[in-house]
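Every number in this text was worked out from the coordinates using simple rules, so none of it is lab data. Predicted model only: the values in this text are computed from it and were never measured. Here the Cβ is made from the backbone with ideal geometry for all residues, glycine too, and neighbour counts use every protein chain on show.
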Amino acid sequence: MKKLIFCCLVVLMGACKDDKKDPEPEVDHASGFVGVYKTTTVGTGTTNHEWKVTTEAKNQLSIAYTKKTEIAFGGTTLKLTQEYPLTKVKVTAADSFEINEEVDVTQSNGEALKQKVAGIGTKVVNANGVLQLNITLKMVNSSTGAAQPDEYLEFKKQP
């Protein structure tokens, strides 16, 4: 009788075993960020920022970041265009992403610049119902170690 109870117990334990061997696939949130986003900042000059966001892979984005700065100085206007090819932007949730990479920046003045770009961004809908990406960007010159002041940006999605 003890053997029969033991056998039933073993069979019952086997039947209760979880048959899910494969974890559920991770949801790809990257497509929810795709589009063109723009913002303008004013300080010592005016800077127009543009992000062209595309998907690179599952939960990975590519951002073509163009920054055009104009500074009026001594009766003349100085212009500088910088292009940051961000190709390893990681989507961490349906409404957040992380930038943490070192890029070779293309500049209109022809000077070489390698920068570390980092920040955690969020996707929100603003009070006007427009989708936007908010981020505090941290940039450090890879050659000199000189850091630019952190810059909070709100990129509004373009129609």
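Remarks
- Residues Ile120, Ile99, ranked from the fewest to the most other C-beta atoms within 10 Å, line up as Ile120, Ile99.
- For peptides 71-82, 125-136, sequence by mean Cβ density within 10 Å, most packed first: 125-136, 71-82
- Neighbourhood net charge (12 Å Cβ-Cβ; Lys/Arg +1, Asp/Glu -1) for Glu83: +1
- Cα gyration tensor category, rounded, prolate or oblate, for region 28-106 with a/c compared to 1.5: prolate
- Note: relative contact order over region 28-157, using C-alpha pairs below 8 Å and six or more positions apart, is 18 percent.
- Restriction of the GluC sites (Glu not before Pro) in region 78-117 to DSSP coil positions whose beta-carbon has at most 12 other beta-carbons within 10 angstrom yields Glu111.
- For region 72-159: rounded, prolate or oblate by the Cα gyration tensor [a/c cutoff 1.5]: oblate
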